[in-house]
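I have placed the structure first, in the form of structure tokens, so that the comments after it can refer back to it.
What follows draws every value from the coordinates through simple rules; no lab data is involved. Please read these numbers as outputs of a predicted model, since none were measured by experiment. Cβ coordinates were reconstructed from backbone atoms using ideal geometry, including for glycine residues, and neighbour counts include every protein chain displayed.
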Ligand SMILES: Cc1cc2nc3c(=O)[nH]c(=O)nc-3n(C[C@H](O)[C@H](O)[C@H](O)COP(=O)(O)OP(=O)(O)OC[C@H]3O[C@@H](n4cnc5c(N)ncnc54)[C@H](O)[C@@H]3O)c2cc1C
């Protein structure tokens with residue numbers, strides 16, 4: 001889950017990287033986005049303090065979070081450490 | 001023009017100096033105001049140029065709520081908008097960019113090699129415009145809780161701290177500006193400073209003192225940032241009486257200045273004691289031939305957007321001269 005907002009510059013860098021990643025892992029991993037401006041309560045519930053924040057969920061449970069832009073390679077490595085991609 | 005002694009022996013200088021097609025005239029490291037302006041000038045001069053930026057284009061400008069002293073915008077302009085305009089303007093001249101982190105820079109056979117994620121580029125010249133990064137306190141908990149309640153940018157993260165008690169660490173203009181900005185969201189903001197006077201300009205000090213939501217913890221340093229998954233407070237030491245207290249804060253904003261982003265360039269160019277690149281004021285030439293420095297990354301008196309863009313323009317002017325002297329331009 002990508003926590004982002006329209007005013008956030010780094011989030012604009014993250015978006016296309018995640019889109020490519022989503023296409024690559026289709027069927028195995030779902031990539032979702034959450035606009036923190038429109039879903040302030042949800043963002044607060046997850047304790048988001050900075051964006052972009054990526055949270056990796058497995059079987060509905062948070063297994064890890066990545067704060068700040070994750071470049072393509074970094075993203076694959078990060079997710080790969082928890083899930084087979 | 002310098003003497004070209006050996007080249008005549010094996011062929012004409014022109015043939016010898018012909019560049020392989022994948023070599024670049026210029027690589028610009030950093031896409032802040034300095035790098036983007038250099039990119040604009042270089043692309044407009046039709047150089048074979050590439051700009052590499054590891055994050056978002058605009059650099060520190062992106063973290064600025066409003067830029068009030070950059071000419072052309074009498075009402076001021078939000079930092080992210082200005083950053084966008086800089087980027088658009090450079091792209092309008094066809095500047096090519098890469099979103100990657102430069103990992104290593106070195107020189108070989110008079111060329112510069114720039115290592116990105118999984119490949120290496122070669123260029124005849126470089127402009128180093130990697131700017132600066134926020135200085136860290138260097139205390140326990142700080143790294144672990146970054147983005148989890150520890151922040152270096154009120155404009156970026158402030159909105160996630162609605163109704164909370166916040167700390168701002170520092171005593172300069174930016175610390176006070178950030179504190180005032182955070183009062184939009186926070187219940188209360190405490191400025192923690194290690195001395196008993198602020199360095200900030202009088203106008204800002206006045207605004208902070210008069211603001212009902214802003215208070216001060218003087219003569220105080222932070223020894224540790226507390227919290228497991230999220231920052232919950234700090235361990236603060238009073239320098240006057242030596243007492244240590246735990247104080248609760250939902251967020252800790254650290255604004256104690258910036259340090260140059262020059263780790264990569266140690267050994268390549270001369271740095272001063274603070275780590276800034278030493279460059280000639282008239283040409284921005286560094287100690288390495290064909291390598292120029294622009295913007296906050298270099299030793300200079302005033303670090304602002306207006307001076308960074310000036311550096312970007314001048315650096316390209318010097319690059320053109322360098323390439324011409326080496327007969328590398330058509
Ligand atoms: C909160 C704040 C408020 C400010 N307000 C004002 C103001 O009102 N007016 C004003 O004139 N100035 C202001 N400034 C200062 C101004 O933003 C800077 O002087 C200016 O941004 C410097 O530009 P630069 O291009 O030299 O460096 P930066 O803006 O620091 O840009 C450097 C870029 O290089 C990139 N980079 C670094 N290392 C690498 C690498 N290894 N690989 C790839 N890319 C890399 C970085 O990601 C960054 O984008 C403010 C600064 C801050 C922090």
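Send over the per residue convex hull volume for segment B:136-254, Cα only, as a whole number of Å³.
Convex hull of Cα atoms, per residue: 90 Å³.
State, as an integer percentage, the relative contact order of segment B:136-254 based on alpha-carbon contacts under 8 Å between residues 6 or more apart.
32 percent.
So if the hydrodynamic radius of chain B is defined as the Kirkwood radius over C-alpha pairs, what does Stokes-Einstein give as its diffusion coefficient at 10 °C and 1.306 mPa s, in µm² per second?
For these conditions, the coefficient is 73 µm²/s.
Over the protein assembly as shown, one equal point on each Cα, no solvent: what is log10 I(q)/I(0) by the Debye formula at q = 0.11, 0.12 Å⁻¹?
Here log10 of I(q) over I(0) equals -0.91, -1.05.
Does anyone have the angle between helix B:33-44 and the longest principal axis of chain B? Alpha-carbon axes, 0 to 90°, nearest 10?
Between the helix axis and the principal axis of chain B, the angle is about 20 degrees.
Cα axis of helix B:305-325 to longest principal axis of chain B: angle in degrees, 0 to 90, nearest 10?
That helix lies at roughly 20 degrees to the long axis.
Please report the antiparallel percentage of DSSP beta bridges with both residues in segment B:136-254, rounded to the nearest 5.
Given both bridge residues lie in segment B:136-254, the antiparallel proportion sits at roughly 40 percent.
Order these by the 10 Å Cβ neighbour count, fewest first: A:37, B:296.
Ascending Cβ contact count within 10 Å gives the list A:37, B:296.
Taking every residue in A:55-68, how many Cβ atoms of other protein chains lie within 10 Å of its Cβ, on average?
1
Calculated from DSSP H runs of 4 or more alone, at -39500 (n - 2.57) each and per residue, what is the 222 nm mean residue ellipticity of chain B, nearest 500?
Calculated at 222 nm, the ellipticity per residue is -7000 deg cm²/dmol.
Sort A:53-65, B:183-195 for me by packing, meaning the mean count of neighbouring Cβ atoms within 10 Å per residue, highest on top.
Sorting A:53-65, B:183-195 by mean packing, highest first, produces B:183-195, A:53-65.
Taking other Cβ within 10 Å of each residue's Cβ, how do B:65, B:119, B:89 sort, fewest first?
In order of increasing Cβ crowding within 10 Å: B:119, B:89, B:65.
Percent antiparallel among DSSP beta bridges with both residues in chain B, to the nearest 5?
Of all bridge pairs located within chain B, approximately 45 percent are antiparallel.
Counting only DSSP beta bridges with both residues in segment B:65-216, what percent are antiparallel, rounded to the nearest 5?
In segment B:65-216, approximately 55 percent of DSSP beta bridges are antiparallel ones.
Mind checking the mean number of beta-carbon atoms from other chains within 10 Å of the Cβ atoms in B:73-84?
If you average over the peptide's residues, the count of other-chain Cβ atoms is 1.
For segment B:280-330, what is the relative contact order in percent, using Cα pairs closer than 8 Å and at least 6 residues apart in sequence?
Relative contact order here is 36 percent.
Tell me, what is the percent relative contact order of chain B, built from C-alpha pairs under 8 Å that lie six or more residues apart?
19 percent
On a 0 to 90° scale, report how tilted helix A:9-24 is relative to the longest principal axis of chain A, with both axes built from alpha carbons and the result rounded to the nearest 10.
Between the helix axis and the principal axis of chain A, the angle is about 30 degrees.
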